[in-house]
Structures are given as C-alpha cells and as structure tokens.
1. What is the dipole size for the chain, taken about its Cα centre, with +1 at each Lys and Arg Cβ and -1 at each Asp and Glu Cβ, in debye to the nearest 20?
2. Calculate the spin-label point distance for Ser64 paired with Leu459, positioning each point 7 Å from the Cα along the beta-carbon direction, and give it in nanometres.
3. With 19 Å as the limit, write out which pairs from Lys7/Lys301; Lys378/Lys469; Lys301/Lys378; Lys7/Lys428 have Cα-Cα distances beyond it, or answer none.
4. Quick one: grab Rg to one decimal and Dmax as a whole number for the stretch 1-158, Cα atoms only, in Å.
5. Taking the Cβ-Cβ separation of Val438 and Asp470 as r and a Förster radius of 60 Å, what is the calculated FRET efficiency to the nearest 0.05?
6. How big is Rg to Rh over the stretch 18-108, alpha-carbon atoms, Rh as the Kirkwood inverse-mean-distance radius?
7. In vacuum, with every alpha carbon of the chain counted as one equal point scatterer, what does the Debye formula give for log10 I(q)/I(0) at q = 0.10 Å⁻¹? Two decimals, please.
8. Using θ = phi - 60° and the Karplus form 6.51 cos²θ - 1.76 cosθ + 1.60, what ³J(HN,Hα) does each residue of the stretch 455-466 get, whole Hz, x for Gly and Pro?
Amino acid sequence: MPIRTGKQFLEALRDDRRIFIDGERVRDIAADPRFAGAAQSLAELYDMQHDKALHDRMIFSSPSSGEPVGLSFIEPRSVDDLIRRREMIKLWMDATCGMFGRSPDFLNVMVTGLAAAAPEFGRSDPRFADNIRAYHVLARERDLCMTHTLLNPQVDRSRPVEHQEKDLAAKIVKETDTGIVINGARMVSTLCAYADEILVMPSTFLPTNEEAAPYAFGFAIPVAAPGLRFVCRPSVVHQNAASPMDFPLSSRLDEGDGLAVFDNVLVPWERVFIHRDPAMCNGLFQRTGAMPQVMHQTSTKNLAKSEFMMALGFAIARSTNIDAHLHVQGMLAELIQHTEFVRSCIRASEADASMSPASGLMTPADMPLWTVRMMYPKMFIRACEIIQTLGAGGLVAVPSYAELAGPASADVETYAQAANADAPTRVKLFRLAFDAAVSSFSGRQQLYERYYSGDPVRLAGALYTLYEKDAPIARIHKMLDDLEAKSATS
C-alpha cells in the first residue's frame, strides 16, 4: 500500500489495541473526546501527502515498488536528499506549530537510519540484519504510524536494572521456536494510542554480562499484539471548554504518553533486531549513524516550534503596542535568536554532512545538532516565560471565546479589545497564547522538551565524551609554551 489517506489512518485505529486511560479502556480512539482531536490532526498530516500542490514535496518513488511513499522514509544519499527530507518534515511541523514532536516522521527517520546500518545488527546473527531491513521496507510501503519505547520504569534509580529488587522492567523470559517472550513494562510510549506498531529499542547502557542479557533486546510489533497494553496519562484536552478556540493547541495536538505493559508477549523471530546482546545495545544510535539523522528531524521540529513562538510573541506585542518599549523589544529579540540559532545549526549540519561508514547514508554533521539538542529545552522554557511576560494579566483575564456569543457579549466586545485588535481577534490570540505558554498542555510541552532526547545530565556527559578535546588542550599548552619561550628571550 503506498501513501495512505487520513481516512485510511483513522480506519486502522479500529482494531483490538488495548488503550487504558482514566480507569477505563478506550474502544474507539477516533471517537473518544480525549483522543479524537489528535487523531484528526494526524489524519490531516497523512492527507497532506495527497495534496496536489504539495505532492512533489511530500513523497518519492519507492525503490522496491515504484509506488509513492512518504519522503521521511528516504535513505539520503546526497545533501540535496537531506534538504528535501527536511523541507518535507518542516511542512508537517509547521502544520502542528512544532507541538507534535512524535509525529510519524520522527520514527520514520529513526527506522530508516537504523535499517541502513543493518550489518551492525547482523554481527551476532545475520537474520537480525535482514529483519531490520525488512521492517524498514514494511513501514515505508504500508506508511505505518509508529510509537516507540526506550526506557525502563523508574523503580530504583540508584541501581542498574538487573540488580533492582522489584523486577518490573521488560525483559526476555523465554525463547520458543517462533520467537522471544517479553514480560514487564517500558516507558514512555508517546503516540501509543494512534500508532500501528511499537518499536522497542535500548537506550540506557547495560553491563556486558549475563545478568543484563535478558534486558538487551530490540524488536517491533503491532500495538494490537496479544498481551500488549498501554496505560496512558490523563489527557490535557479540556473537555469542558465552551469553545474550541479556548484551547486551540491542546484540543488538537495532545499526542499522549503511555506505559507499555508486556504480558508475556510473543515477538516473532522475524521481528527481532537485537537478542540478549548488551554490547550491541550500548551506543547503538551513535554507532549506527542513526542519531544524527534523528537529531536532524528533531531540530526541524524545534525550528518550527521556535518560529511559532516568535510569531506569537510578535502578535501579542503588536496587539497592545508594547513593542514600542525597549525591554519588550529585547524579549522579542530573544525569540528571534532562538529561531535563527536553530536554523543556522540545521544549515551547518547539512553544509558539513558526510557519508556515514556505518550506514552509507549522507549524514548531517552531528555537533551542530548536538548543540540544538542540548540548548533547545532551555530556549523553549524561556520562550514560554516571554509569552507569559508579554501577555501578563491579559492571559489571566482573557475570557472564553464563547462569551462573544453569550449574554455578556456586549461587555466583551467593548472591554476585551486592544489598541490594534478588536475583541474577537484579541480573545482568540490570547487564548492561543494561554494554551501555548500557561496551560497544562504547555506544562507537558516544557517537561517533554527537557527530556525529549534523554536525561540532560547523561546527554551532557555523552557530548563531552564525543567531543574532540585533545586539539583544544594542545592549543592552550602550545600558547603557554610559546609565551614562555618569548619571555625567556625578552
């Protein structure tokens, strides 16, 4: 099946997946008010692939079937391929204001990067290389929507997973002729309610011993696989909102997060990519060259998000003429800096891209993208603070958009207007700002950005380890030696 439509995506949600939220099982994802808005937003993304005006920017011809497939699945062989893929991702990200971080392109790019490094997976068993390659083809040709999970439940964070007294993490409990059996839990499965499949891969480092081996695996299975269920956090959708304009982001873009529970789930051998191999798990994404590909996608998301927050700041400031004040211009300049910083890093990563020996793919330079990865959580939290400061009491006092059609409409029309905006325009604008920077949706976005790419402390350590340090250190010592030599002859 080539690129699918929004209707086909929504129909695929009506299967036997086990999604639990608020103490109940959801039987129809697309109809449930906690999930329906985001389901429709995803459907609209898939429909964009069929828009004739966007067609050439959204798809490419499958190398296996010749059918049109999503451009986020392309294996980039040139810088032009990277740019073309980035421009496609940006179209989706602009459609969601950068607030839908785990839209399907995220895992499309990840799976593509991992599959291109298939020989790495085949070191212990050649069939695992075949499996990851075949899975990439399956995902591309069926236009799958995927969720993933990398982390073990937080139980005793002072001990490695294999030494915890409460053995709750997902692990291999046995092997059969048909596959491996997984029991336990993983977190955080974002987009789980909407996905066709779940990719389960390693993230944290494991000791290379037999005790850790049961926790060292990688595979992909349907979200409706027998024994698999998801327990979701409460929705941030405001179900009592009087108007959809009151929470224009959260009503459409709550992608959801869930705990994935594996109750003796059988994973067929053809879906296994890593089996009892801690050494293979450790450093997998960097070693395969998949991480720079993923960071390229993530940075594009960050650019769309920065551009949205910048535009929102401009609009708020203009509505009440506060952009005449120098300190406000300073805050707006910060939003400009966020946007141009991310844009520059993306372009630098493309300008310095090179072929990866592990994957054979044209791979963005990783250090500019690592910089975005580390800096963006602070930038987004600061952007929310700026929006809060610009809106000030106006964000606290902004009424429901429904008031414009209610018995107090005359008061709202008179007193909710601003210097450069009538009441309907100002109410809509400030409700949007409230949702972006103050609401529970915004709180989840801020927390998610903090941990979107992993534990920031461990990431900082990883960046320090990866970075070339010998040459900068040698430069300092050479400078000191040269100064010493000059002083000795003066």
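The values are calculated or read from the model by the stated rules, or taken from the named source; none is laboratory data. All values derive from a computational prediction rather than experimental measurement. Cβ atoms come from the backbone with ideal geometry, glycine included; neighbour counts cover every protein chain shown. Accessible surface areas use protein heavy atoms only, side chains included; no ligands, DNA or RNA. Shrake-Rupley method; radii C 1.70, N 1.55, O 1.52, S 1.80 Å.
1. Numbers: 51 positive and 60 negative charges, 52 e Å.
Roughly 240 debye, rounded to the nearest 20.
2. So the two model labels end up 3.2 nm from each other.
3. Beyond 19 Å: Lys7/Lys301; Lys378/Lys469; Lys7/Lys428.
4. Taking only Cα atoms of the stretch 1-158, I get Rg and Dmax of 17.3, 54 Å.
5. Details: r = 47 Å, r/R0 = 0.79.
The pair Val438/Asp470 has a calculated efficiency of 0.80.
6. Details: Rg = 15.7 Å, Rh = 14.8 Å.
On the Cα set of the stretch 18-108, Rg over Rh gives 1.06.
7. Result of the Debye calculation: -0.81.
8. 5, x, 5, 5, 5, 4, x, 5, 4, 4, 5, 6
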